[in-house]
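Report on one structure; see the data block that follows.
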Amino acid sequence: MATTLAKAAEGTAVEQTHAARIEHVSKSFSGPAGTQLVLDDVSLDVAPGEFVTLLGASGCGKSTLLNLVAGLDRPTQGSIATPGGRPALMFQEHALFPWLTAGKNIELALRLRGLPRAERRPEAERLLELVRLGGAYGKRVHELSGGMRQRVALARALAQDSQLLLMDEPFAALDAITRDVLHGELTRVWEETNLSVLFVTHNVREAVRLAQRVVLLSSRPGRVAKEWTVDIAQPRRIEDADVAELSLEITDHLRGEIRRHGQH
Ligand SMILES: Nc1ncnc2c1ncn2[C@@H]1O[C@H](COP(=O)(O)OP(=O)(O)O)[C@@H](O)[C@H]1O
Ligand SMILES: [Mg+2]
């Protein structure tokens, strides 16, 4: 696995061993009905350049964990480190600004990153090319299909130039064919960049289709139940026999988790 070099504060090059390190993280929420333990002692590393999917039933704490890695909330116990800096985030809802064009949505992220004004438009166009939306610079959000909006959202996430991309069920609202195409695009973009990806899904086949490693979270509270290394060459198809076979094995474990907790 490729490792990346980062400049330490004192100016010497140090080798990064992880893009994210989650150590003994627990998270509770307090409400009128008392305190709910959502994540219990979760430890997980994402290596530089690695693609990891975090799989689990609805409500098991996947989004909670991703938000903690994004720095949007703090763990109750344990620690999270992202040595490459602030991660980029992509959600199920594209969260693009509807009054801006596709290109301007991306340029806004470039501006926040501090890119000089003159470089923003060419960089936005390069990113749109990368997600195969070359002609969409001047298009408004309502003119774009759901799949195209998620491509723009991916380009905007890439505009942050982070080493770590966090994705929370980004394709869950798309139809199966569009999702299949975007799986291919995401795999290609990941291969062309040296991004690390932590991708959340409740869809077992999607997890296996994309990842080098699938991490299964149990429910109530969320714990790392088991993980699998996916040793299947890319490009994969969601209907490939070896993708289906591993998905079946993981689904059996997921069913066991759900039965054990009797929540569904
Ligand atoms: N801000 C919050 N306050 C209280 N409870 C929350 C909050 N965020 C999430 N939860 C609870 O944590 C649990 C896990 O939620 P979530 O992480 O969204 O699950 P998932 O993404 O796996 O579907 C749910 O029971 C949810 O109600
Ligand atoms: Mg969620």
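The values are calculated or read from the model by the stated rules, or taken from the named source; none is laboratory data. What you see is a predicted model, and the numbers here were worked out from it, not measured in a lab. All Cβ positions, glycine included, derive from the backbone under ideal geometry; neighbour counts span all protein chains shown. Ligands, DNA and RNA are stripped out before the accessible areas are found, and what is left, the full protein with its side chains, is counted by its heavy atoms. Shrake-Rupley method; radii C 1.70, N 1.55, O 1.52, S 1.80 Å.
Before moving on, here are some points about what is shown:
- Listed by first and then second residue, the pairs with beta-carbon distance under 7 Å, at least 6 apart or on different chains, first residue in the stretch 52-67 and touching a residue at least 24 places away in the same chain (Cβ under 8 Å), second within 8 Å of ligand 2 (Cβ to nearest atom) and among the charged types (D, E, K, R), are Leu54/Lys62; Gly56/Lys62; Ser63/Asp168; Leu66/Asp168.
- Residues satisfying the criterion are present in the stretch 160-169 (criterion: within 16 Å of ligand 1 (Cβ to nearest atom) and either assigned to a loop (DSSP other than H, G, I, E, B) or among the basic types (Lys, Arg) (or both)).
- Looking at Gly84, Gly59, just one residue is within 16 Å of ligand 2 (Cβ to nearest atom) and of a type outside the set (D, E, K, R), and that residue is Gly59.
Listed here are the residues, each with its yes/no results for (1) outside the structural domain of His202 (by TED's automatic domain parsing); (2) charged (D, E, K, R).
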{"position": "Leu133", "(1), (2)": "yes, no"}
{"position": "Arg140", "(1), (2)": "yes, yes"}
{"position": "Glu143", "(1), (2)": "yes, yes"}
{"position": "Arg151", "(1), (2)": "yes, yes"}
{"position": "Ala157", "(1), (2)": "yes, no"}
{"position": "Asp168", "(1), (2)": "no, yes"}
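- Residue pairs meeting the criteria (Cβ under 7 Å; at least 6 apart or on separate chains; first more than 14 Å from Gly138 (Cβ to Cβ) and open to solvent by less than 60 Å² (accessible area, probe 1.4 Å), in the stretch 95-120; second of a type outside the set (Val, Ile, Thr) and not in a helix (DSSP H, G or I)): Leu108/Leu100; Ala109/Gln160
- Tally of residues being buried (at least 18 other Cβ atoms within 10 Å of the Cβ) and in a loop (DSSP other than H, G, I, E, B) across the stretch 42-81: 9
- For the stretch 144-152, the criterion of being open to solvent by less than 70 Å² (accessible area, probe 1.4 Å), among the hydrophobic types (A, V, I, L, M, F, W, C) and not in a helix (DSSP H, G or I) is satisfied by at least one residue.
- The set of residues in the stretch 115-136 being modelled with pLDDT of 95 or more and small (Gly, Ala, Ser) consists of Ala118, Ala124, Ala136.
- Test: residue in the stretch 213-221 that is over 30 Å from Ile106 (Cβ atoms), surrounded by fewer than 20 Cβ atoms within 10 Å (Cβ to Cβ) and modelled with pLDDT under 95: yes
- Restricting attention to the stretch 79-126, the residues being farther than 16 Å from Arg156 by Cβ and under 21 Å from the mean Cα position of the chain (by Cα) number 7.
- Among the residues of the stretch 24-41, those that are over 27 Å from Gly256 (Cα atoms) and open to solvent by 50 Å² or more (accessible area, probe 1.4 Å) comprise Ser30, Pro32, Ala33.
- Checking every residue in the stretch 90-110 against the condition of being away from ligand 2 (no atom under 15 Å from the Cβ), part of a strand (DSSP E or B) and not assigned by TED's automatic domain parsing to the domain that holds Leu186 gives at least one match.
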